[in-house]
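Student: My structure is below; once you've seen it, I'll send some questions.
The values are calculated or read from the model by the stated rules, or taken from the named source; none is laboratory data. Model, not experiment: these values are computed from the prediction. FYI the Cβ positions are ideal-geometry reconstructions off the backbone, even for glycines, and counts take in every protein chain you see. Remember, those area values only see protein heavy atoms, side chains included, never the ligands or the DNA or RNA. Shrake-Rupley method; radii C 1.70, N 1.55, O 1.52, S 1.80 Å.
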Amino acid sequence: MRVVSGIQPTGNLHLGNYLGAIRNWVRMQDEMEKANRAQAASGSADRNQCLFFLADLHAISMPHEPGELRRATLEMAAALVACGIDPDRSVLFNQAQVPAHPELQWLLNGTARIGWLNRMTQFKDKSGKNREGASAALFTYPVLQAADVLLYQATHVPVGEDQKQHLELARDIAQKFNNDYASEDAPVFTLPEPISPPQAARIMSLRDGSKKMSKSDPSEMSRIDLADDPDTVLKKIKKAKTDPEPLPSEVDGLAERPEALNLVTIYAALSEGTVEDVLRDHGGAGFGAFKPALAELLVETLQPISTRFNALLNDREALDAILARGASRAREIAAPTLASAYTALGLVRG
Ligand code: TYM
């Protein structure tokens, strides 16, 4: 298995990223380690591998401040390590140090169709009413995302629900490229599978249950950041939008109650249970009782992460070294696939 995933280093790591993606990254890293030990014991030379990266090249598709991007890239690296990504076991790097990403994107631009990109809902959401004024990078960014995973022959890509459409596109591009330029028995690219955690694939805004929790939401109250202190967590949960009804005992009772469903989903994901489990324990409770219980669970999860995060942030040299080492490894792993793509297209590289 080759597991590959990325996150944009814009804003802070929030609960949606954590429950929807990063926690899964850490789990897969740990599972790969176990599988590798078993494989080594049985004498097999095959190794599973995880690569995780900061999508800093993606971040320039929206207006940004360069100093802020530099700071956020290091902060996000610290946040990932604080969440449990171990740079000794996983390859952790930022895209800008691996030029093979934008290089492969250009090669794939010949295969991706404008019609496919036109269907991407994230472009529609992010460009809003000002499509003509959006950057070309915002439009072609899903092709870079395809390059991000195809470059490493990713088999599995842990992402939240909102990234599934981009992964489908990566599969379409890989398939068309293989059909057009490779022989059936020697495809250039592997088709990657998205994997989303069932409970937490979509964590919604605390202010509006119809919008996903997002770092680009102007309201800080709409999300829980992983570095929030306990008082801030409690305040945000207490102010989270809800309705006057108590929690139902059955899941059907949450239909048409998106904010209540979101809080119950967060509780379920944090307690490693299902929405049904939470309703069995808390059905009939009002939000006056449920919200403090949820805040307590959140603080329990976040406290150790934010302590590690703050310690790592003060060690800039260590963070630079982690990213440089990861990038060097990523460049090595990427080289053969990039070379095959050039050759398949008939490009002469000397
Ligand atoms: P990004 O930076 O927006 O989000 C990183 C990861 O967090 C998940 N996520 C959520 N999951 C559940 N609920 C939410 N409210 C929520 N918000 C974010 C996302 O699904 C994602 O898994 N384009 C990508 C980054 C990227 C990437 C890639 C991902 C670039 N190249 C290659 C996978 C493979 C993005 O902007 O994610």
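Student: State in Å² the accessible area per residue of region 220-312; use a 1.4 Å probe, count heavy atoms of protein chains only, and round to the nearest integer. Present the calculation step by step, with values, prior to reporting the outcome.
Tutor: Working: 4510 Å² over 93 residues.
Accessible area per residue: 49 Å².
Student: Need one number: nm distance between label points at residue 314 and residue 348, each 7 Å from Cα along Cα→Cβ, rounded to one decimal.
Tutor: Distance between label points: 5.9 nm.
Student: Under a point-charge model restricted to the Cβ atoms of Lys and Arg (+1) and Asp and Glu (-1), what is the dipole moment magnitude of region 220-312 relative to its Cα centre, in debye to the nearest 20? Don't skip to the answer; put the middle values down first.
Tutor: Numbers: 10 positive and 17 negative charges, 73 e Å.
For this selection, approximately 340 debye.
Student: Also, quick follow-up: If amide hydrogens are placed 1.01 Å from N in the peptide plane, which non-local residues have theirs closer than 5 Å to the one on residue 6?
Tutor: 53
Student: Hey, another quick one. Checking the a/c ratio against 1.5 first, then a/b against b/c, what shape does the Cα gyration tensor give for region 220-312? Before the final figure, lay out each step's value.
Tutor: On the way: a/c = 2.44, a/b = 1.82, b/c = 1.34.
It is prolate, given that a/c is not under 1.5 and a/b is the larger ratio.
Student: Give me the angle, in degrees from 0 to 90, between the Cα long axis of helix 100-109 and the longest principal axis of the Cα atoms of the chain, rounded to the nearest 10.
Tutor: That works out to roughly 80 degrees.
Student: State, as an integer percentage, the relative contact order of region 220-312 based on alpha-carbon contacts under 8 Å between residues 6 or more apart.
Tutor: Working: 93 pairs, mean separation 35.6, N = 93.
In percent, rounded to a whole number, it is 38.
Student: For residue 280 and residue 109 in one chain, what is 0.36 nm times their gap in residues minus the Cα-Cα distance, to one decimal in nm?
Tutor: 56.5 nm
Student: A follow-up question, please. Toward the positive end of the charge dipole of the chain, about the Cα centre and with charges on Cβ (Lys, Arg +1; Asp, Glu -1), which of 275, 45, 61 goes farthest?
Tutor: Ranked along the dipole, the leading option is 61.
Student: Another question about this same structure. Go ahead and collect, in residue order, the members of region 5-23 whose backbone nitrogen is under 18 Å from a label point 7 Å along the Cα-Cβ direction of residue 65.
Tutor: 9-13
Student: If you don't mind, another one. Expected output is a single nm value to one decimal: the length gained when fully extending between residue 186 and residue 216, i.e. 0.36 nm times separation in residues minus the C-alpha distance. What is it?
Tutor: Values: separation 30, 0.36 × 30 = 10.80 nm, distance 4.18 nm.
Roughly 6.6 nm would be gained on extension.
Student: Report the calculated FRET efficiency for residue 121 and residue 42 (r = Cβ-Cβ distance, R0 = 35 Å), to the nearest 0.05.
Tutor: Values: r = 45 Å, r/R0 = 1.27.
It comes out at approximately 0.20.
Student: Can you give the charge dipole size of region 1-65 about its Cα centre, rounded to the nearest 20 debye, using +1 on the beta carbon of Lys and Arg and -1 on the beta carbon of Asp and Glu?
Tutor: On the way: 6 positive and 6 negative charges, 53 e Å.
Here the size comes out at about 260 debye.
Student: Straight-line reach from residue 239: which aspartates and glutamates fall under 18 Å, measuring Cα to Cα and dropping same-chain residues less than 8 apart?
Tutor: List returned: 208, 217, 220, 225, 228, 229, 231, 259, 296.
Student: Quick check: the angle from helix 136-150's long axis to the longest principal axis of the chain, C-alpha only, nearest 10 degrees?
Tutor: That works out to roughly 80 degrees.
Student: Could you size up the charge dipole of the chain around its Cα centre, putting +1 on the beta carbon of Lys and Arg and -1 on that of Asp and Glu, and report it in debye to the nearest 20?
Tutor: Numbers: 38 positive and 45 negative charges, 141 e Å.
Using only the charged Cβ atoms, the result is roughly 680 debye.
Student: For the chain, what is the mean residue ellipticity at 222 nm derived from helices alone (per DSSP H run of n ≥ 4: -39500 (n - 2.57); sum divided by total residues; nearest 500 deg cm²/dmol)?
Tutor: Working: 13 runs with 184 residues, N = 350.
That comes out to -17000 deg cm²/dmol.
Student: Ordered by packing density, taken as the mean number of other Cβ atoms within 10 Å over each peptide's residues, highest first, how do 338-349, 184-195 rank?
Tutor: Numbers: 338-349: 13.5, 184-195: 16.0.
Highest mean packing first, the order is 184-195, 338-349.
Student: Right, here's the next one. Give the relative contact order (percent, whole number) for the chain; include only Cα pairs under 8 Å separated by 6+ residues. Could the numbers behind the result be given before it?
Tutor: Details: 529 pairs, mean separation 81.7, N = 350.
Taking the mean separation of contacting Cα pairs over the length of the chain, I get 23 percent.
Student: Calculate how many DSSP beta bridges within the chain are antiparallel, expressed in % of all such bridges and rounded to the nearest 5. Please report the intermediate quantities before stating the final value.
Tutor: Working: 2 of 16 bridges.
Taking every DSSP beta bridge with both residues in the chain, the antiparallel ones total about 10 percent.
Student: Any idea which of 175, 345, 290 is furthest toward the positive side of the dipole for the chain, if Lys and Arg beta-carbons carry +1 and Asp and Glu beta-carbons -1?
Tutor: Value computed over the given set: 345.
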